1. Give the residue that is nearest to Thr189 (Cα to Cα), with candidates limited to residues of segment 119-167 that are acidic (Asp, Glu) and modelled with pLDDT of 90 or more.
2. Given the criteria basic (Lys, Arg), touching a strand residue (DSSP E or B) at 6+ places or on another chain (Cβ under 6 Å) and under 22 Å from Lys95 (Cα atoms), does Lys198 qualify?
3. When only residues in segment 83-94 that are more than 28 Å from Asp22 (Cβ to Cβ) and within 11 Å of the ligand (Cβ to nearest atom) count, which is least open to solvent (accessible area, probe 1.4 Å)?
4. Identify all residues within segment 136-156 that are surrounded by fewer than 16 Cβ atoms within 10 Å (Cβ to Cβ), farther than 16 Å from Gly212 by Cα and either touching a residue at least 40 places away in the same chain (Cβ under 8 Å) or in contact with an Asp or Glu (Cβ under 9 Å, 6 or more places away or on another chain) (or both); write none if there are none.
5. From the list Leu114, Leu72, which one is open to solvent by less than 70 Å² (accessible area, probe 1.4 Å) and either touching a Gly at 6+ places or on another chain (Cβ under 8 Å) or not acidic (Asp, Glu) (or both)?
6. Where residues in segment 20-33 are over 10 Å from the mean Cα position of the chain (by Cα) and buried (at least 19 other Cβ atoms within 10 Å of the Cβ), which of them is modelled with the highest pLDDT?
7. Are any residues in segment 37-62 of a type in the set (A, V, I, L, M, F, W, C), more than 8 Å from the ligand (Cβ to nearest atom) and in contact (Cβ under 8 Å) with a residue 12 or more places away in the chain, and if so, which ones?
8. Kindly indicate whether any position in segment 192-202 is closer than 20 Å to Met1 by Cα, within 16 Å of the ligand (Cβ to nearest atom) and surrounded by 14 or more Cβ atoms within 10 Å (Cβ to Cβ).
Amino acid sequence: MNILMFGPNGSGKGTQGAIVKDKYNLPHVESGAIFRENIGKGTEIGVKAKEYIDRGELVPDEITIPMILDRLKQDDCKNGWLLDGFPRNKVQAIKLDEALKAAGLDLDIVVEVLLDREIAKNRIMGRRLCANDNNHPNNIFIDAIKPDGDKCRVCGGDLSTRSDDQDEDAIGKRHAIYYDTDTGTLAATYYFKDLAEKEGKIKYINLDGSPGVKEVTADLMSKL
Ligand code: AMP
């Protein structure tokens, strides 16, 4: 089972993705998390990526596309994957489609979480990352997932913020890329929506990301 997750930063895409990956027992391949891991380890990719990430810009395709296509060839991806954060623009969408076709692989499901840009921005500024699992939902502005004091509400782990989450300019730039329907991430979603309509093999799921986590999950489960 090969699944793509789309949604603006702050839409709960990562949280819902973690639930889908558990349901189908798939590796969760998150481009942003791979970059953060590389930054943490000080690798060459990490050093190059950090300057773009801190500005809220996309890491160049020459770095990102091979990094993700190589990741999908690793052993744990043999029986499928859930890809989250990639493709982020139309070029990446085309390259992914070409790579899948060349490898004889089908895309099974595409999930698009829809959320208003202003709501997404507020959610980003309130989110906190758990040291044990980035997808444990913690947000100081959302009652249902408020942290337990300064600790993770799921496991009690230490919480931190992402530096690119507290910078309004960087958030604005990330959203400008996401909501760009010509060359940005919405152009990538439309690319796969078109394929779903033309080829009829892909199940395309639209989700309203505005209710609470539980409601969105229930909607997702009923549509999968
Ligand atoms: P995320 O955790 O998905 O919000 O990603 C954090 C940052 O990593 C983004 O703002 C980009 O700078 C970079 N990034 C993640 N995925 C991609 C991608 N597919 N293409 C280019 N840059 C990316």
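The values are calculated or read from the model by the stated rules, or taken from the named source; none is laboratory data. Please read these numbers as outputs of a predicted model, since none were measured by experiment. Neighbour counts run over all protein chains shown; Cβ positions are idealised from the backbone, glycine included. Areas reflect the complete protein model, heavy atoms only, side chains present, ligands, DNA and RNA absent. Shrake-Rupley method; radii C 1.70, N 1.55, O 1.52, S 1.80 Å.
1. Going through the qualifying residues, I end up with Asp133.
2. no
3. Asn89
4. Selection gives Asp150, Cys155, Gly156.
5. After applying the criteria, what remains is Leu72.
6. Leu26
7. Ile39, Ile45
8. Checking segment 192-202: at least one residue is closer than 20 Å to Met1 by Cα, within 16 Å of the ligand (Cβ to nearest atom) and surrounded by 14 or more Cβ atoms within 10 Å (Cβ to Cβ).
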